[in-house]
Amino acid sequence: MESTRMILSVTPSMPCGLQTLARRNLVRALHHRKDARQPRRLSCEATGGRRVDRRDVLLGLGGAAAAGLGAQRDALAAPIQAPDFLNCNPPDLPNTPPDASCCPPYRDGTIITDFRPPPASSPLRVRPAAHLVDAESLAKYERAVALMKQLPADDPRSFEQQWRVHCAYCGAVFDQVGFPDLEIQIHFCWLFFPWHRLYLYFHERILGKLIGDDTFALPFWNWDAPDGMSLPAIYANGSSPLYNERRDPAHQPPFPLDLDYSDTDANISRDQLIDQNLKIMYRQMVSDAKKRELFLGQPYRAGDQPDTGAGSVENVPHGPVHRWTGDPAQPNREDMGNFYSAARDPIFFAHHGNIDRLWHVWRGLRPSNTDFTDPDWLDAAFLFYDEEARLVRVRVRDCLDTAALRYTYQDVGLPWLNARPAKASAGTPAPATTGTLPATLDRTIRVTVTRPRVSRSRREKDEEEEVLVVEGIQIADHFNEFVKFDVLVNEPERAVGGTPATATGYCAGSFAYTPHMARSDEMRNGPVKTVARFGVCDLMDDIGADGDKTVVVSLVPRCGCEMVTVGGVSISYLK
Ligand code: C2O
């Protein structure tokens, strides 16, 4: 109780000499701060108005002592806590029907239980590729979804409520506990893979329960293999409960899927597109994803602003596949083209089945790859309703082992595993454009970037990945536009005859930002702020730039970039 009283007295006028208080309570205390919206910063009179890091306040350190703490601070943060369902702020969505509130059906006093994994003896569910689903499994799946759609709209297991779960966690609806001015956002950071894994886990169990089949497994959209590179036919049958009318009518099967989709269809042959898709998969899964931050996304802890930075696959192909599926005739490219509505399309769960499978694949590809061991990741918590409509609190650490969750994926091979782009010729790069960053990305911008280290040994390269960082990305609007730009290194003056930029050997990757909700104050007052990172060790070798002290980096706008500014481009190293 002692600590609770102290906490409640934390106000902006209180000196910074707080003594050792329970970390969680302190985090909670910060919700009294009016300026909690500022990223990780709190002002404090004891430092003469100088701003100090939130974590220094947690530690009870004043400015000078805090300044010496350096890297230790990161160990003192706290995980994102499970949201308080009672405190749900219905989003204010432009151009959407008034019933698009995504608050969960929750009554005060509902008991929350902690997650327990299924018994080790329960059957292993084997998720099939959607284009390979047999008639019997399809019939089960359709029956399960039909039953889910028939449940009363206020049953948390109903389809009506299931899609809203995604809507709720994609922003603006829940406060971070203790930070009433900060939303919970499970995209664009290290929560992306675990949250979606858990979402599918409960969704699958509810469907299985509805048809009384504990082997029921959700299909996955195998868009990383040529045979899966179109909308799976089982979702395109107009009389099936898997059908959804809010999709791009031009993208019906067998129209080929473009993993680099930037809101317009590519003007290349089917074979070229497939070849390009495989190269993109290789890049996103292998060369750009050598370290966990680069694959899983950046840390996002209690008190952080959202959008700390998405991992490779979350940017691409995740975002483009969403957009490619959504209906351009809808005001916000509903359903899949906008996160608020995305899970209203049953194909969402197949799309994310593949995303989840690729997490599993990534871990298997390199024995040295591990997930985060940081407790702020492992203990981040969410709430979901299970198949008995019980509210369950579940943490990231609960979902790391798919075998313990009793599911796996059909083995369909990895056709992109050898699709490394050919070495590009080291021609003369197009010169840097005049003018410096920050700049609006309404045209291609080329900047000269210094490489602090050149010609490193193989071992040094394996130990520390060279990372191209595009920082200070600001997007004026969260909701209406898909933003995508490509990042190329030493691209020659003359474009390689009609080949899309991302398929040339010069591409480091793409930044893709799928629209979603945001706090209304953010919509009014502030842009999205985020950072993009690309692992470029292999790329530097492939374009013959490994010995170069400088490279020319091109930022090529593909869509929505008139409202994007970029602050700077630099190279750093990641262990
Ligand atoms: Cu939560 Cu594909 O989005």
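The values are calculated or read from the model by the stated rules, or taken from the named source; none is laboratory data. Predicted model only: the values in this text are computed from it and were never measured. Positions of Cβ are generated from backbone atoms using ideal geometry, with glycine treated the same way; all protein chains shown enter the neighbour counts. These accessible areas exclude ligands, DNA and RNA; they are computed on the full protein's heavy atoms, side chains included. Shrake-Rupley method; radii C 1.70, N 1.55, O 1.52, S 1.80 Å.
If you go through the range 128-165 and keep only what is at pLDDT below 95 and in contact with a helix residue (DSSP H, G or I) (Cβ under 6 Å, 6 or more places away or on another chain), you end up with just A153.
Would you call V165 within 16 Å of the ligand (Cβ to nearest atom) and open to solvent by 20 Å² or more (accessible area, probe 1.4 Å)?
Yes, satisfied.
Checked against the criterion of being outside any loop (DSSP other than H, G, I, E, B) and touching a Gly at 6+ places or on another chain (Cβ under 8 Å), the range 546-556 contains not a single residue that satisfies it. Residues that are free of Cβ contacts under 8 Å to residues at least 60 places away in the same chain, more than 21 Å from the chain's Cα centre (by Cα) and under 18 Å from M285 (Cβ atoms) occur at least once in the range 389-412.
Regarding G509, is this residue at pLDDT 95 or above and on the phi > 0 side of the Ramachandran plot?
Spelling it out, G509 is indeed at pLDDT 95 or above and on the phi > 0 side of the Ramachandran plot.
Among the residues making up the range 389-438, those that are of a type in the set (V, I, T), in a loop (DSSP other than H, G, I, E, B) and farther than 23 Å from P219 by Cα are T428, T433, T434, T436. Hey, could you check the range 244-272 for residues that are more than 21 Å from V483 (Cα to Cα) and of a type in the set (A, V, I, L, M) and say which is least open to solvent (accessible area, probe 1.4 Å)? Checking each candidate, the answer is I268. Name the single residue, out of those in the range 329-341 being open to solvent by less than 10 Å² (accessible area, probe 1.4 Å) and more than 16 Å from F159 (Cβ to Cβ), that is nearest to the ligand (Cβ to nearest atom). Per the criteria, the residue is F339. State yes or no: is R344 away from the ligand (no atom under 13 Å from the Cβ) and assigned by TED's automatic domain parsing to the domain that holds Q176? For R344, the condition - away from the ligand (no atom under 13 Å from the Cβ) and assigned by TED's automatic domain parsing to the domain that holds Q176 - is not met.
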